[in-house]
Amino acid sequence: MDPAATTSTTTRPLAVWMVLCMGLFLGILTIWCWQKWESVWIERSESFFPPEWQNEDLKSLAWQYPIYRSNDTYQWVHVADALAAGDPTQLLHRPDEGLPTGRPNRWHSGLAHLLSSGGTLVAKIQEWPRQRGIHHLAHWLGSSIHILAIILGSWAVSRWSGRAAALLFAGLFYFNAGIAWDFAFSRLDHEVIFQFFFLLHLIGLVGLCTQQCPPRQRKSWAHMAGIGAGFCWWVSATTMTALAALITLGIAIECYRARQRIAAEMSQAVLHWGGSTCLTLILLSLCDGRLNLSPSIATIHPIFILAQIGTTLFCLTPLLMRRKQQILSLGLGLLMGLSPLAWLVIYQSEAHPWLNPMMRRVHDYIVEFQSPFSNGLWAQAEYLQTLSVTLLALFALRSLKRTRNALFLCLVLGLLVLSALQTRWGGLLAAASTLGLCLQITQDQHKFRYCCTGLLIIFISLWAHKWQQIEKNPGTIFVTDLMLQVGARDINLNLQRYSEGETLYVAMPYAFAATAALFPQVHPIGTFYWENADGIQASADFFAGLETQAPIDFVVVQGGRQGAPFAKLTNWVARNDITPRTIESSTAWQLSSQPHPPEWIEKPYYGTFDTQQFSVRIFKKPASE
């Protein structure tokens, strides 16, 4: 008999008090890390203001304009601020960036509501303004969700593989830098919510596929998997599309293997999984007001409900006994499951930005969409630790005779390929590998327990070394991130002062535009978001020296050699041409390198760092134009 199929009856799950003690212990470790982080990032960034602002209330400026490590965090904070102020329209439309008319906002509302409500609670406890509570919570909300995910995963693993496996899961999930990066301080983003519900989805699928599981429990696991899947579709439909293809293949194989023993039970469970996913997705879409057939399917869209029905029918096919039923189920499953492809063919670049050549060229310069082998991140701890747990997981999952191994093999192998192509898949790969590996740690599998223990000791050692020396030697990437984010705040402080209370339409490097979300008078034309394709096109055309109809009041570039990469980027985006002659003839290059560019009035820039470290030039369009 399959050992994995009987573990639920022979293992001792974690008691409630053990789970609570684990959460308390991880909370203490996180608080210790937070004190270090507060010293090295928050307090340091709060002291970095240009000398020209030293006469103002720096304490107020510090919490009004905080420094985060992820550009997307500013967007979530902006929307949460709007919700706290009673303005839910920002969930659907962003009037403060892109062309003068603004741009659509197709992000899910969950993280914004959570940040707004939680920040309001923090503000009441601390007796702060609501905005300050939101800005403060954005620094550490991700780490709190990390602990909740570990508690959830450890409880589930203990039910199937025992207490030792659960404790190893908790350690590997907490100390693995590849996973921790998605929950890190000061970089709140989609990944935090997605990782949590991705783990919930996988846990439910594990219960669904476990052969020695009572029918009622199997249905409960199926509902858990469906709820997790529905939230994953809601949070990031594009990411979930790739994951759904891998998961569907794995579940179909598991159903094929179970057809002789528990075909009827599995059929019911698969139907409950698909139904709960669709119901969750419909309810969330209704709450967000997005249950409409718009051309774009880059984010949540009703077409994915049809795709999920197709997925369910495809997985159901091996469990059906009659040939005609199998053919009908398979045909309808493929037709519905692949319906998003038909949508892409019909609407093309309107359906997804990846079909827009200009947007694809933009993403060539976004780190998370680059291969870790091209941007050099393969040599960082995050990728190496992810790769180590992945290789061990693949070795442990090599036997397809064991229940659930096919599901995790399909998922881990697929994510391994995706993470080699794009950096952003690394955290999901690490999470799936960790869960799949720890499920193999049963009472008769001592070698995996020893391997996981050794790997955990290495992870803990690297984690402890990082946090012990972070105040003295935070690392090159840390210092670069801090300087860029402080520099972006300085740029927007200057622009806000020049605005004199009026809205300024600004063409500026995309990396500095996200911070403008905290400055009401600064309206950046180009920002790194799918929904802002028109603004990116207008900004890139301007910097490349092409004609644009977008109104531009101010222009920001980096001076000298620091401005060369952006000049190259905008010419690549606008012209698909990065020859030296084309770049040197562009507006971005001329504004960066010429001492006195014609037809522009240069305004003084007041910054925290000297020009050798961070050179910026600000130009104002003459009033006559």
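The values are calculated or read from the model by the stated rules, or taken from the named source; none is laboratory data. Please read these numbers as outputs of a predicted model, since none were measured by experiment. For neighbour counting, all protein chains shown are included, and Cβ atoms are generated from backbone atoms with ideal geometry for every residue, glycine included. Heavy atoms of the whole protein, side chains included, go into the accessibility calculation; ligands, DNA and RNA do not. Shrake-Rupley method; radii C 1.70, N 1.55, O 1.52, S 1.80 Å.
Run the helix sum for the chain: -39,500 (n - 2.57) per DSSP H stretch of 4+ residues, divided by residue count, reported at 222 nm to the nearest 500 deg cm²/dmol.
-20500 deg cm²/dmol
I want the antiparallel fraction of DSSP beta bridges within the chain, as a percent rounded to 5.
Of those bridges, close to 65 percent are antiparallel.
How high is the relative contact order of the chain, in percent, with contacts defined as C-alpha pairs under 8 Å that are six or more residues apart?
16
Could you please state how large a percent of the accessible area of the chain is carbon and sulfur, counting protein chains only and using a 1.4 Å probe?
In the chain, the share of accessible area belonging to carbon and sulfur is 61 percent.
Compute the helix-to-body angle for 446-469: its Cα long axis versus the longest principal axis of the chain, expressed 0 to 90° and rounded to tens.
Long axis of 446-469 versus the principal axis of the chain: about 20 degrees.
Report Rg(Cα)/(2.2 N^0.38 Å) for region 183-276, keeping two decimals.
Computed over Cα atoms of region 183-276, the ratio equals 1.15.
Using a/c under 1.5 as the rounded threshold, could you call region 340-416 rounded, prolate or oblate? The axes a ≥ b ≥ c are square roots of the C-alpha gyration tensor eigenvalues, and prolate needs a/b larger than b/c, oblate otherwise.
Because a/c hits 1.5 or more and a/b fails to exceed b/c, region 340-416 counts as oblate.
Tell me the GluC sites (Glu not before Pro) within region 532-606 that lie in a loop according to DSSP and have at most 13 other beta-carbon atoms within 10 Å.
Hits after loop and neighbour filter: Glu547, Glu599.
What does the convex hull of the Cα atoms come to per residue for region 93-145, in Å³?
Cα-based convex hull of region 93-145, divided per residue, equals 93 Å³.
Once you have a ≥ b ≥ c as the square roots of the Cα gyration tensor eigenvalues for region 40-161, tell me rounded if a/c is under 1.5, and otherwise prolate or oblate according to whether a/b is larger than b/c.
Oblate is the answer for region 40-161, as a/c is 1.5 or above yet b/c matches or exceeds a/b.
So, R0 is 25 Å and r is the distance between the beta-carbons of Gln212 and Ile282; what FRET efficiency does that work out to, to 0.05?
That pair, Gln212 with Ile282, gives E of 0.15.
Accessible area per residue of region 374-467 at 1.4 Å probe, in Å²?
Averaged over the residues of region 374-467, the accessible area is 41 Å².
If amide H atoms are built 1.01 Å from N in the plane of the peptide, which residues on other chains or at least 5 residues away come under 5 Å of the amide H of His93?
Hits under the 5 Å cutoff: Asn105.
Can you compute the FRET efficiency between Ala85 and Phe369 using 1/(1 + (r/R0)^6), with r the Cβ-Cβ distance and R0 = 35 Å? Round to the nearest 0.05.
E(calc), rounded to 0.05, equals 0.60.
Counting Lys and Arg as +1 and Asp and Glu as -1, each charge on the Cβ, what is the dipole of the chain about the Cα centre in debye, to the nearest 20?
Dipole size: approximately 3040 debye.
Once the Cα atoms of region 1-108 are picked out, what are the Rg and Dmax in Å?
Every Cα atom of region 1-108 included, Rg and Dmax give 23.0, 75 Å.
DSSP loop (so not H, G, I, E, B), at most 12 other Cβ within 10 Å: list which trypsin sites (Lys or Arg not before Pro) in region 412-511 pass both filters.
Filter output for region 412-511: Lys472.
So how far apart, in nm, are the two label points at Leu121 and Ile477 if each is 7 Å from Cα heading toward Cβ?
Going from the Leu121 label point to the Ile477 one covers 3.2 nm.
Angle between the Cα long axis of helix 303-316 and the longest principal axis of the chain, 0 to 90 degrees, nearest 10?
20
Among (1) 120, 51, 50; (2) 70, 59, 43; (3) 82, 55, 47, which is the computed Cα extents along the principal axes in Å?
The calculated read-out lines up with (3).
In Å², and per residue, what accessible area does region 247-292 have when probed at 1.4 Å with the other protein chains present?
Per residue, region 247-292 has an accessible area of 44 Å².
Please calculate how many Å² of accessible area region 89-241 carries per residue, with a 1.4 Å probe and no DNA, RNA or ligand atoms counted.
On a per-residue basis, 31 Å².
Within a Cβ distance under 9 Å of Ser592, other residues only, what is the Lys/Arg minus Asp/Glu net charge?
Once all neighbours under 9 Å are counted, the net charge is +2.
Calculate, axis by axis, the spread of Cα positions in region 395-501 along the three principal axes, and write the results as whole Å, longest axis first.
Principal axes ranked by extent give 70, 31, 22 Å for the Cα atoms.
What is the distance, in nm, between label points placed 7 Å from the Cα along the Cα-to-Cβ direction at Gln325 and at Lys621?
6.7
Hey, quick one: spin label on Ile31, modelled 7 Å out along Cα-Cβ, who in region 451-486 has an amide N within reach, i.e. under 20 Å?
464, 467-468
Which value in nm describes the separation of the simple spin-label points at Ser47 and Gln348, placed 7 Å from the Cα toward the beta carbon?
Taking the simple label geometry, Ser47 and Gln348 are separated by 5.7 nm.
Any chance you could run the full-extension gain for Tyr256 through Thr579? It's 0.36 nm times the residue separation minus the Cα-Cα distance, nm to one decimal.
Contour length minus the Cα-Cα distance gives 110.8 nm.
In region 264-333, which trypsin sites (Lys or Arg not before Pro) are in a loop and have at most 13 other Cβ atoms within 10 Å, using DSSP for the loop call?
Arg322
Just to confirm the number: angle between the C-alpha axis of helix 323-337 and the first principal axis of the chain, 0 to 90 degrees, nearest 10?
Rounded to the nearest ten degrees, it is 10.
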